[in-house]
Amino acid sequence: MTARPIAGRALSTLLVSALLAACGGGDEGGSPAATQAADGPRAHVLKGGDCTGSCTGGGGTPVPGATNPLPTSAPAPDIVYRESFGPGPQGLRPKGGKGDMRSTFIGTTLGGFWTEWPGNKNNAWITGSGEATWKFTAGSNGGPNFNTNELPSPLEVDQGFGVVAGQVFSDVSDGTSGGLPTALLPVTWPTTAWSVSIDSMLWVNTASSYVALGLTDSSATLSNLLTASTVTVLIRRTPLASTLDWELWKSGTPRVLLASGMVDEFGLNELRLSYDPVAKQLAVQVNGTPGGTFAVDIGRPRYAAFEGIGMVDNFVVRKLPGGAL
């Protein structure tokens with residue numbers, strides 16, 4: 001699927017959602033009650049659902065008897081893994097080895113929650129536990145999902161004021177090491193050609209800030225993709241507000257820059273890596289613009305991952321038709 005620009009009104013809603021998430025959800029032990037009181041139903045959307053239990057960063061206490069909202073089939077035949085980061089119709093999703101239903105209010109750390117598809121304890125997100133991590137947020141523009149790249153999800157439903165669409169955000173680096181937060185998902189890769197992609201938004205306009213998508217065998221949750229990954233594509237801002245620089249790196253000592261370029265910036269920027277394990281060919285696209293195909297043997301990396309400071313939506317691993325990259 002080719003990335004498309006996000007409309008201006010939808011983008012402004014996304015920015016408001018993300019900003020409130022960063023301001024109101026940064027404290028892992030904070031209560032969302034003040035956010036809800038500030039703006040009534042609108043704030044309810046932005047905080048991502050009612051918090052049940054202790055309202056800690058882990059999603060509060062388990063909710064016995066709650067319905068698991070994860071889908072029982074893939075959203076399309078070619079999709080192997082999918083994550084919309086939707087909060088769930090009751091603001092609850094399964095987490096941990098037992099799949100306890102936990103709240104997904106804004107500021108809840110992503111780590112431990114089962115991926116949307118396939119949803120089970122073997123496919124749970126891994127993140128750091130501190131402030132330098134990835135956390136849930138959500139918002140609505142009063143209509144359909146503002147991310148037009150994304151397929152419909154049972155975790156993103158109309159609650160009477162438009163579809164409540166989820167994302168995850170990070171806004172803090174590790175002040176000691178300077179590391180940026182990484183989110184990892186264990187993946188069993190197809191034996192035929194496949195792609196992995198995210199839609200992303202950069203937070204900070206500095207040379208050291210980026211959002212990245214990559215493949216790795218390391219379980220590190222800080223700066224994994226910048227230092228230890230098998231292959232990584234990342235984006236950074238340029239001095240021009242309307243463009244992004246991108247870079248494609250592979251493992252090595254030192255690491256090897258395979259390609260780089262510049263593309264137009266969208267409201268949400270799609271990063272995509274495609275791989276043919278038979279031909280051992282790797283391809284990269286940023287915002288639908290091909291960045292080249294490379295002869296690289298990446299093996300079968302343990303994790304797919306994203307990293308940086310910003311916002312991420314619509315994580316998808318899919319089989320490619322006819323092995324086309």
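Do you know which residues across the stretch 129-146 are touching a residue at least 24 places away in the same chain (Cβ under 8 Å) and either crowded, with 20+ Cβ neighbours inside 10 Å or of a type in the set (V, I, T) (or both)?
Selection gives A132, T133, W134, K135, F136, T137, A138, G139, S140, N141, F146.
When you scan the stretch 172-283 for strands (runs of 3 or more DSSP E) that lie fully inside it, which ones turn up with 1 or more residues that are touching a helix residue (DSSP H, G or I) at 6+ places or on another chain (Cβ under 9 Å)?
Working: elements: 182-186, 194-202, 211-216, 231-237, 243-250, 256-264, 269-276.
Ranges flagged: 182-186, 194-202, 211-216, 231-237, 243-250, 269-276.
Of the conditions (1) buried (at least 20 other Cβ atoms within 10 Å of the Cβ); (2) more than 20 Å from R82 (Cα to Cα); (3) among the basic types (K, R), R272 clears all except one; give me its number.
(2)
Can you name the residue in the stretch 84-128 that is aliphatic (A, V, I, L, M) and part of a loop (DSSP other than H, G, I, E, B) and, of all such residues, is nearest to R318 (Cα to Cα)?
Kept after step one, since they are aliphatic (A, V, I, L, M), are these residues of the stretch 84-128: 92, 101, 106, 110, 124, 126.
Still in the running and part of a loop (DSSP other than H, G, I, E, B): 106, 110.
Details: I106: 28, L110: 22 Å.
The extreme case among them is L110.
Would you confirm whether or not the stretch 244-253 contains a residue that is touching a residue at least 60 places away in the same chain (Cβ under 8 Å), in contact with a Lys or Arg (Cβ under 9 Å, 6 or more places away or on another chain) and either surrounded by fewer than 21 Cβ atoms within 10 Å (Cβ to Cβ) or charged (D, E, K, R) (or both)? Walk me through it before giving the result.
Step one: list which residues in the stretch 244-253 are touching a residue at least 60 places away in the same chain (Cβ under 8 Å), which gives none.
Among the residues of the stretch 244-253, not one is touching a residue at least 60 places away in the same chain (Cβ under 8 Å), in contact with a Lys or Arg (Cβ under 9 Å, 6 or more places away or on another chain) and either surrounded by fewer than 21 Cβ atoms within 10 Å (Cβ to Cβ) or charged (D, E, K, R) (or both), which makes the answer no.
Anything in the stretch 152-171 that is more than 20 Å from G112 (Cα to Cα), part of a strand (DSSP E or B) and β-branched (V, I, T)? List them, or say none.
Within the stretch 152-171, just V163 meets the criteria.
Only one of these is β-branched (V, I, T) and closer than 18 Å to L70 by Cα: T133, T115. Name it. Give the derivation first.
Details: T133 fails: closer than 18 Å to L70 by Cα.
From the options T133, T115, the qualifying one is T115.
Being surrounded by fewer than 20 Cβ atoms within 10 Å (Cβ to Cβ), more than 16 Å from V316 (Cβ to Cβ) and polar (S, T, N, Q) narrows it down to one residue among T216, T182, T230, T238; which is it?
Values: T216 fails: surrounded by fewer than 20 Cβ atoms within 10 Å (Cβ to Cβ); T182 fails: surrounded by fewer than 20 Cβ atoms within 10 Å (Cβ to Cβ); T230 fails: surrounded by fewer than 20 Cβ atoms within 10 Å (Cβ to Cβ).
Checking each option against the conditions leaves just T238.
Pick out the one residue from T72, T67 that is modelled with pLDDT under 95 and either over 16 Å from F169 (Cα atoms) or surrounded by 16 or more Cβ atoms within 10 Å (Cβ to Cβ) (or both).
Values: T72 fails: modelled with pLDDT under 95.
Step by step, each of T72, T67 is checked, and only T67 is modelled with pLDDT under 95 and either over 16 Å from F169 (Cα atoms) or surrounded by 16 or more Cβ atoms within 10 Å (Cβ to Cβ) (or both).
What are the pairs, 6+ residues apart or on separate chains, where a residue within the stretch 87-99 that is under 14 Å from W117 (Cβ atoms) has its Cβ under 8 Å from a residue that is β-branched (V, I, T) and crowded, with 24+ Cβ neighbours inside 10 Å?
Sorted first by the residue in the stretch 87-99, then by its partner, the pairs are G88/T104; R93/T104.
Pairs needed: first member in the stretch 262-282, without any contact (Cβ under 8 Å) to a residue 24 or more places away in the chain; second member anywhere, among the acidic types (D, E); C-beta distance under 6 Å; at least 6 residues apart or different chains.
K280/D297
Just give me the residues in the stretch 265-281 being charged (D, E, K, R) and at pLDDT below 95, in sequence order. Outline the logic, then answer.
Here is the first cut: in the stretch 265-281, the ones charged (D, E, K, R) are 265, 270, 272, 276, 280.
Selection gives E265 alone.
Provide a single number: the residues in the stretch 115-165 that are of a type in the set (G, A, S) and touching a Ser or Thr at 6+ places or on another chain (Cβ under 6 Å). So that I can check it myself, show each step before the final result.
Of the stretch 115-165, the ones of a type in the set (G, A, S) are 119, 124, 128-130, 132, 138-140, 142-143, 153, 160, 162, 165.
Right, trim to touching a Ser or Thr at 6+ places or on another chain (Cβ under 6 Å) and you get 128, 132, 139, 153, 162.
So the count comes out to 5.
The values are calculated or read from the model by the stated rules, or taken from the named source; none is laboratory data. From a predicted model like this one, the values you see are computed outputs, not experimental measurements. No Cβ is skipped: glycine too gets one built from the backbone with ideal geometry, and neighbour counts run over all protein chains shown.
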